[in-house]
1. Checking the conditions here, which among L245, L213, L179, L196 is within 19 Å of F304 (Cα to Cα), surrounded by 12 or more Cβ atoms within 10 Å (Cβ to Cβ), at pLDDT 95 or above and touching a Phe, Trp or Tyr at 6+ places or on another chain (Cβ under 9 Å)?
2. Among residues belonging to the stretch 109-152 that are acidic (D, E) and in a helix (DSSP H, G or I), point out the one that is surrounded by the most Cβ atoms within 10 Å (Cβ to Cβ).
3. Between L291, L296, L245, which is closer than 21 Å to L213 by Cα, touching a Lys or Arg at 6+ places or on another chain (Cβ under 7 Å) and aliphatic (A, V, I, L, M)?
4. Please go through the stretch 282-298 and pick out each residue that is under 15 Å from L196 (Cβ atoms) and out of contact with any helix residue (DSSP H, G or I) (no Cβ under 7 Å at 6 or more places or on another chain).
5. Name every residue in the stretch 84-102 that is surrounded by 13 or more Cβ atoms within 10 Å (Cβ to Cβ) and farther than 17 Å from R136 by Cβ, in order of residue number.
6. Could you pull out every one of the helices (runs of 4 or more DSSP H) wholly within the stretch 266-346 that has 1 or more residues that are surrounded by 14 or more Cβ atoms within 10 Å (Cβ to Cβ), touching a Cys at 6+ places or on another chain (Cβ under 7 Å) and at pLDDT 90 or above?
7. Just the residues that are modelled with pLDDT of 90 or more, on the phi < 0 side of the Ramachandran plot and surrounded by fewer than 12 Cβ atoms within 10 Å (Cβ to Cβ), please, taken from the stretch 153-171.
8. With more than 30 Å from A122 (Cβ to Cβ), within 44 Å of the chain's Cα centre (by Cα) and at pLDDT 85 or above as the only criterion, which of E32, E58 stands out?
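The values are calculated or read from the model by the stated rules, or taken from the named source; none is laboratory data. Please read all numbers here as calculations on a predicted model, not as lab measurements. Using ideal geometry, Cβ is built from the backbone for each residue, glycine included, and neighbour counts are taken over all protein chains shown.
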Amino acid sequence: MPTFQKLPSGKWRVQVRKAGLYRAATFPTKREARDWAVVVESQAHHIAAGGFAPVPKEATFADLVEKYRGSHGRIPGKTKAATLDMLVRELGKIRLGALNAVVLRDFIDRRVKAGAGGVTVAGDLSFLSAVLKWGRHARQLDINDRLAVEARASLKVRGLDTRSKERSREPADSELQRLFEYWQANPRQRIDMPLLCRVALATGMRQNEICSLAVEDVDRQRRTVIIRDRKDPQQKHGNDQVVPLLPDAWAIIEPLLENRELGSIFGVRAASVSSAFTRACQKVTPPIIDLHFHDLRHRATAQFFRMGLDIPRVALLTGHKTWAMLKRYTNIKPEDVHSAIEKRALTFQA
């Protein structure tokens, strides 16, 4: 039974001790205190029976997402933030107690009708699953955290392909030459795009990694550089990695360090580089189809293997954690194998 105490101020303090749960609060009237105590006792019964707290009747999915965001203390990445915003728009008004398989069925129908593919919808459901798991296991709410997992399993039955297509596009020498000539002939081109492209081809770094390189993170003696917060699916922040600068990369970067101790090496924004690259592909004659700046990383990674570097060394350069993540970039051709064998044979003869 709850205990009530009238305070000198005239307000009422109520305490509830039940099934290991303790709650206390103060209210202007005893009736409000009693109503609150009834709710808390009901929650205690629920927790004692199943180990989880009942979902507040008026709580919506948007409320849960808001608390989920606030609990992490870090700004989410662009993809995660955009997906959570979309989930709130689509499901935010649904009460948590009413969130079920039929609601998610209709959600998937709307996403597919809007043009989302299986990979995109699967990603949406993965973020939804993370929110529900957090609500159940971090907040101890009695919600079904398997809903999104089961909805994702239904995508295959629907005929939706949830596996992303492996991209193997590499820029050809002729394409790079046309791009370089376009930039060099354009007097309005402020960003040194040929320089940035050569860095990408020499390092295998991502666009944002190149643009975020700092002078103070370069070790001139060891010829290494620290890549800050390198992309990692398991570690979103603080994943700093020291990588070697191979001779071609060092030849480009070393002159840019002269008489400098601090600051961005290239002084450009990743978004500006992306826009300049895409615009150039559209402007050259004939236009270059389906080529992205990230494809330079693909070519660089394949080239590392063609140079004879083994998996651990290539992974150190590119930041990939597993062979499964790295092998899609290898793109080794039959002639590359013949070339490697011939080089080894020549070495043995020598």
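1. The unique qualifying residue is L196.
2. Checking each candidate, the answer is D124.
3. L245
4. H292, D295
5. Across the stretch 84-102, the qualifying residues are L84, M86, V88, E90, G92.
6. Hits in the stretch 266-346: 270-283, 294-306.
7. V157
8. After ruling out the rest, the residue left standing is E58.
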